[in-house]
1. All but one of (1) touching a strand residue (DSSP E or B) at 6+ places or on another chain (Cβ under 8 Å); (2) at pLDDT 90 or above; (3) open to solvent by 40 Å² or more (accessible area, probe 1.4 Å) hold for Tyr315; state the number of the condition that does not hold.
2. Name the residues in the stretch 58-74 that are of a type in the set (A, V, I, L, M, F, W, C) and surrounded by 15 or more Cβ atoms within 10 Å (Cβ to Cβ), would you?
3. How many residues are buried (at least 18 other Cβ atoms within 10 Å of the Cβ) and out of contact with any strand residue (DSSP E or B) (no Cβ under 6 Å at 6 or more places or on another chain) when one looks only at the stretch 159-186?
4. Looking for whichever is in contact with a Gly (Cβ under 9 Å, 6 or more places away or on another chain) and not aromatic (Phe, Trp, Tyr) here; the options are Leu253, Leu274, Leu278, Leu282. Which one fits?
5. Quick check on my filter: what residues within the stretch 314-341 are closer than 14 Å to Ile231 by Cα and under 34 Å from the mean Cα position of the chain (by Cα)?
6. Take the stretch 179-206 and flag every residue that is hydrophobic (A, V, I, L, M, F, W, C), within 14 Å of the chain's Cα centre (by Cα) and under 25 Å from Glu310 (Cβ atoms).
7. Answer yes if at least one residue in the stretch 252-266 is over 27 Å from Gln124 (Cα atoms), among the charged types (D, E, K, R), out of contact with any helix residue (DSSP H, G or I) (no Cβ under 7 Å at 6 or more places or on another chain) and modelled with pLDDT under 95, and no otherwise.
8. I'm told Ile306 meets every condition in (1) under 24 Å from Gly169 (Cβ atoms); (2) crowded, with 18+ Cβ neighbours inside 10 Å except one. Can you identify the failing condition by its number?
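The values are calculated or read from the model by the stated rules, or taken from the named source; none is laboratory data. On a predicted model such as this, the values are computed, not experimentally measured, just so you know. We place every Cβ from the backbone using ideal geometry, glycine too, and count neighbours over all the protein chains shown. Heads up: the accessible areas ignore ligands, DNA and RNA and are worked out on the full protein's heavy atoms, side chains in. Shrake-Rupley method; radii C 1.70, N 1.55, O 1.52, S 1.80 Å.
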Amino acid sequence: NLNKLLIRILLHLQVEFSMKNKKVIYIVGSIVLLILIGVVACKTLILNTPLKIEKAAYLYIDSDDNIDSVYTKLKKDFHASGITGLRMLISCSNYAENIHEGAYKLKPTDNTWHIFHQLKSGHQTPIRLTVPSVRTLGALAKSVSRRLMTDSASIASLLNDSTYCSTLGYNQYTIPALFIPNTYEVYWTMSAEDFIKRMKKEHDRFWNKERMEKAKSIGFTPEEVATLASIVEEETANKAEKPMVAGLYINRLHTGMPLQADPTVKFGLQEFGLKRILHKHLETDSPYNTYKHAGLPPGPIRIPSIDGLESVLNYAKHDYLYMCAKEDFSGTHNFAKSWNEHLANARRYQRALNQRNIH
């Protein structure tokens, strides 16, 4: 009898609970439904809404930026007119206290949630960095710093630090040979030291077994190839002529003749605008004066391009020992095997200079 009584009591309680539970379920379900509707509306109206930027571009955030300057950049640089949703998301996160430096490529089709997640996670977009073929390390540092967060002084400081250069296997003269002009994908926030390390990696990749064997067959190190390539590129901008010029200088080196390359004299003087090399210029006491000093100069007189490097590694085999700029000022040269033939070429060029009153 006691067992039956207990069973009746439990059944009654179950019925009472079920009735009340239905009301609770209804209320909770209604609340959940309203929340879901709100979430869908929020996602549709805010999170999936583009920022209304005009065109794809990079948002650059550096160490001096705060959340207000980020908003300002979005408005000023991107003319974004729909950042209300982004402000709401940021206000509900800790992003304002943890802003990540970097370059972030934003596109007109990117919705608010995508941009928020990109900035919040610090997921940078790689940029394309072009390392140029320029005459000086200072010019290189300035050009590179325009595309990176680091400044030119930081890059130049490393390149002028003889102790640091020696850890890479270079000295103050040969360090330009480290760089292989090309376009690379990097992160905007990379430091000056990371930039140099990346260039060392690209240098080692360029100087593969095949190129090393070609350099060895000439009797050159990679630094010497870069040095001669830099002279070739200062002598001619004509791609087809570069292997000819390289072959001429290699002939001179192999026969013990001085290079007597005018561009090396200009580099020693740091007067790149000289149009005419005079006797007084040839008397300059500089390790780069190849009229006074035999062999190659101590290092490159510019950062040679890949074309320049390849022109030395694949130089044209011929018997020319002399060259003179053509009198038509085409930027190409007349080549000669004998001194007398060269003098005839030189006289024609001198007359052309005089006629144009170039001193």
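1. For Tyr315, the exception is condition (1).
2. Quick first cut of the stretch 58-74, residues of a type in the set (A, V, I, L, M, F, W, C) only: 59, 61, 67, 70, 74.
Scanning the stretch 58-74 gives Leu59, Ile61, Val70, Leu74.
3. Of the residues in the stretch 159-186, 9 are buried (at least 18 other Cβ atoms within 10 Å of the Cβ) and out of contact with any strand residue (DSSP E or B) (no Cβ under 6 Å at 6 or more places or on another chain).
4. Values: Leu274 fails: in contact with a Gly (Cβ under 9 Å, 6 or more places away or on another chain); Leu278 fails: in contact with a Gly (Cβ under 9 Å, 6 or more places away or on another chain); Leu282 fails: in contact with a Gly (Cβ under 9 Å, 6 or more places away or on another chain).
On inspection, the qualifying residue turns out to be Leu253.
5. Taking the stretch 314-341 as the starting set, the residues that turn out to be closer than 14 Å to Ile231 by Cα are 315, 323.
Matches in the stretch 314-341: Tyr315 only.
6. First pass over the stretch 179-206, keeping only residues hydrophobic (A, V, I, L, M, F, W, C): 179-180, 186, 188, 190, 192, 195-196, 199, 206.
Retained after the next criterion (residues that are within 14 Å of the chain's Cα centre (by Cα)): 179-180, 186, 188, 190, 192, 195-196, 199.
The answer is Phe179, Ile180, Val186, Phe195, Ile196, Met199.
7. For the stretch 252-266, residues over 27 Å from Gln124 (Cα atoms), among the charged types (D, E, K, R), out of contact with any helix residue (DSSP H, G or I) (no Cβ under 7 Å at 6 or more places or on another chain) and modelled with pLDDT under 95: present.
8. (2)
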